[in-house]
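Shown next, in C-alpha cells, is the structure this report addresses.
Every number in this text was worked out from the coordinates using simple rules, so none of it is lab data. Since the structure is predicted, the reported quantities are computational estimates derived from the model, not experimental observations. Reconstructed Cβ throughout: ideal geometry from the backbone, glycine too, with neighbour counts over all protein chains shown.
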Amino acid sequence: MNSTMTRRTSLACLLLCLFLMASQANAAAASDSGANQLATGAACFLLTPVYGAFKLVYAGVGAIAGGLTWVFTGGDERSAQKVWDASLKGTYIITPDHLKGRKQIRFIRP
C-alpha cells in the first residue's frame with residue numbers, strides 16, 4: 001500500500017472515530033450525572049487536540065492565502081479580510097456545550 005493511500009485510510013478512520021466519540025458523548029450528555037459529565041469532559045479532552053490541529057492548519061493556510069490575496073489584488077484589504085475571516089474565525093476548542101448541542105462548532109465562519 002502506498003503512503004498516500006495509507007494516509008487517506010488513516011484519516012478516514014480517525015474522522016470516523018471522532019464522529020463516533022462525539023455522538024457517544026452527545027448521547028451521554030443527555031443527563032447531567034457525574035459519570036456523564038466525566039464522559040463529556042473526557043470526550044472534549046480527546047477531541048480538542050485532533051480537531052484543534054486541523055483547525056490550526058486550516059487557519060495557517062488561510063492566513064497565508066489571505067496575505068497572497070492582498071498581494072495579488074494590489075493591496076485590496078477587503079478581499080484579503082474575507083479570506084482571513086473565513087479561515088481564522090471559528091471554533092478552536094471543543095467544549096461540553098458543543099457536544100451537548102448548546103453551541104455550534106464552526107470550523108469555517110458562516
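The slack between Thr95 and Val57, meaning 0.36 nm per residue of separation minus the straight C-alpha distance, is 11.7 nm.
Taking 22 Å as R0, compute the FRET efficiency from the Cβ-Cβ separation of Arg78 and Ile108 and round it to 0.05.
On the way: r = 19 Å, r/R0 = 0.85.
My answer for the efficiency is 0.75.
Of all lysines in the structure, those lying under 20 Å Cα to Cα from Lys103, and not within fewer than 8 positions of it along the same chain, are Lys55, Lys89.
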